[in-house]
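Read the structure below first, then the notes.
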Amino acid sequence: MSMEAILEVKHLSKAFGKHQVLRDIDFTVRPGDVTSIIGASGSGKSTLLRCINLLETPSAGEILFHGKDITGRGVNAPAYRTKVGMVFQSFNLFNNMTVLENCMVGQTKVLKKSREEAKANAMKYLKKVGMDPYVHAKPRQISGGQKQRVAIARALAMEPEVLLFDEPTSALDPEMVGEVLSVMRDLADEGMTMLVVTHEMAFARDVSNHVVFMADGVICEEGEPQELFAHPKQDRTREFLSRFMAK
Amino acid sequence: MERFMQLGQDVALLLGAYWKQYLSGLGNTLALAIIATVIGCVIGLACGILNTIPCSPHDPMPKRVLLRLVRILVRIYVEVFRGTPMVLQSVFIYYGLPYFSNNTMRFDNIWSAAILIVSINTGAYMAESVRGGILSIDPGQTEGAKAIGMTHVQTMLHVILPQAFRNILPQIGNNFIINIKDTSVMFIIGFTELFAAHRYITGVNLMYFPSAAIEMIAYLTMTLIASALLRLLEKVLDGSDNYELVQTDSLTMTAGTYNHPAKGSPFDERSKEQRERVEQELKFGRNRGDR
């Protein structure tokens, strides 16, 4: 706990018009942390993640990245986003590019690497997620689980400090969930700092070292996964977990 | 039947005497349509990008004011040029420039005037098509591009426009075909395209109908070829439906490998002598001497 925080979220609030989605959110991500954010649909989990990647503009509060507030005016959002990767529920692979090009375009155009370097790097990460045989395929030609693995490789190829996952398995058939989760588990084992919004309770319990339970736009309870899953302190947490574990 | 024979004769007569005029008119029409469509597309793309620059209340005041101003200007441009006839615009611009500059400025080259007028016209239509094309792309594509740190311009150039371009290609084709036909109004400022050739020739010999028949066939031929080429271009842009697997993992045994890969099979590539020996062995068993 002595390590310096990568991300600090302080008193973060977000409202869409009069609808208050996030209220006074506080939490910290340290290097190597695998934080799972769980909670019912509509509790603000995804909005929180999108705020952290500046895809939504927070209404109030601060997000500190290495101690610097990134929500203010005059912040170079694209430069910040290269250090905080994001994997989406709907993959969002670029449909006009092949698998390989998807993993290269950020490196060549944003990081200004040479094509050879970018290709070697892309291949490295595609191999890691087991998608290297499919480099010439277009996104429309591969399955959902494969798309998501390519999306992870694309995010990794930028070599970010933190990786955000927004319900990475929610759009997948049950048989494809496993391949994506196993890639994520490998990443966690290698010490990647990850922030995962998920409905996969087993993943949250077994892989992450910190779990945040959200309800109605506030953090209801957070703590070590074993502690939170075995002995939830709040009634709402207990109710939510019992509903999920019964399945 | 007799009438058709007569028409055929007249057409042959006209073509024999004036084929040069027809042909140069055809060339001019095509050249103008192609150049103006390309420039118009560039104008349309530029307007489409300007119109879709995101603007959040967090941006500094000057940027927001500038963006608002740009959008109003683009809007005025589109509405004015879409909402007035091109034949009138050409007269307005061609004669308006010398009128306002007291004859110090004028179009010395009829080509530059014609290209300018048809281009800005096409641009006005394309601006809306491009805007539609950009809106048709899933917002997730933009988010994916932003998430790897792309700026708005990079997102547009590398992700959104290539996909939007594919979607608006039928629209571009539409505009090209419209341009082939509508450049005919350029005769009003003295541009000698295909229709001007008709006016010139019939002014000499009064053979209106046969000349019009030639023109009809010429225009239809051009537009048919254009639409066929555009279909072909769409097909090329869509790319192949197939892709090749790159099997680099030598640890995987492919189906049908009944031996361990290291040991090889009787069907592996070998030298001729070795292959024959293997075949002999398979037929007759091993030679004694080999043991």
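The values are calculated or read from the model by the stated rules, or taken from the named source; none is laboratory data. Just so we're clear, the structure is a prediction, and the values are computed from it rather than from any experiment. Quick reminder, even Gly has a Cβ in these numbers, built from the backbone with ideal geometry, and neighbours come from all protein chains shown. The area values use the complete protein model at the heavy-atom level, side chains included, leaving out ligands, DNA and RNA. Shrake-Rupley method; radii C 1.70, N 1.55, O 1.52, S 1.80 Å.
Things worth noting here:
- Excluding same-chain neighbours fewer than eight residues apart, the aspartates and glutamates reachable from residue A:112 by a Cα-Cα span under 18 Å are A:101, A:159.
- Compared with the alpha-carbon gap, the fully stretched path from residue B:34 to residue B:70 is longer by 10.2 nm at 0.36 nm per residue.
- Residue among A:163, A:181, A:90 farthest towards the positive dipole end of chain A, charges placed on Cβ: A:90
- Charge-dipole axis of the protein assembly as shown as Lys and Arg at +1 and Asp and Glu at -1 on Cβ define it, positive-most pick from A:245, A:125, A:198: A:125
- Residue by residue along A:86-95, Cβ atoms of other protein chains within 10 Å of the local Cβ number 5 on average.
- Nearest-0.05 FRET efficiency for residue A:245 and residue A:80, computed from C-beta distance (R0 56 Å): 0.90
- Across B:20/B:235; A:83/A:109; A:14/A:138, pairs whose alpha-carbon gap is larger than 26 Å: B:20/B:235; A:14/A:138
- Helical mean residue ellipticity (222 nm; -39500 (n - 2.57) per DSSP H run of 4+; nearest 500) of the protein assembly as shown: -18000 deg cm²/dmol
- Built amide H within the under 5 Å cut-off of residue A:196, gap 5+: A:35, A:36, A:37, A:165
- Centre separation in Å (Cα based) which lies between segment A:47-66 and segment B:208-249: 49
- Scanning residues 5 or more positions from residue A:220 or on other chains, those with amide H under 5 Å from its amide H are A:213, A:214, A:215, with H placed 1.01 Å from N in the peptide plane.
- Extents of the protein assembly as shown, largest first, come to 100, 92, 43 Å (Cα atoms, principal axes, whole angstrom).
- Taking every residue in B:138-144 and counting other chain Cβ atoms within 10 Å of its Cβ, the average works out to 6.
- Take each residue of peptide B:151-164, count the partner chain Cβ atoms within 10 Å of its Cβ, and average: the result is 3.
- Amide H partners (placed H, <5 Å) of residue A:113, local residues excluded: A:108
- The residue list B:137, B:200, B:173 was ranked by how far each Cα lies along the charge dipole of segment B:132-251 toward its positive end, using unit charges on Cβ atoms, and B:200 comes out on top.
- Set of lysines near residue A:10 by C-alpha distance (under 16 Å), chain-local residues within fewer than 8 positions excluded: A:45, A:68
- Of all accessible heavy-atom area on the protein assembly as shown, the percent that carbon and sulfur account for (1.4 Å): 58
- Accessible surface, segment B:29-130, averaged per residue in Å² (probe 1.4 Å): 56
- Shape of segment B:43-155, Cα gyration tensor, a/c cut at 1.5: prolate
- Scoring B:13-26, B:172-185, A:34-47 by mean Cβ neighbours within 10 Å over their residues and listing the highest first yields A:34-47, B:172-185, B:13-26.
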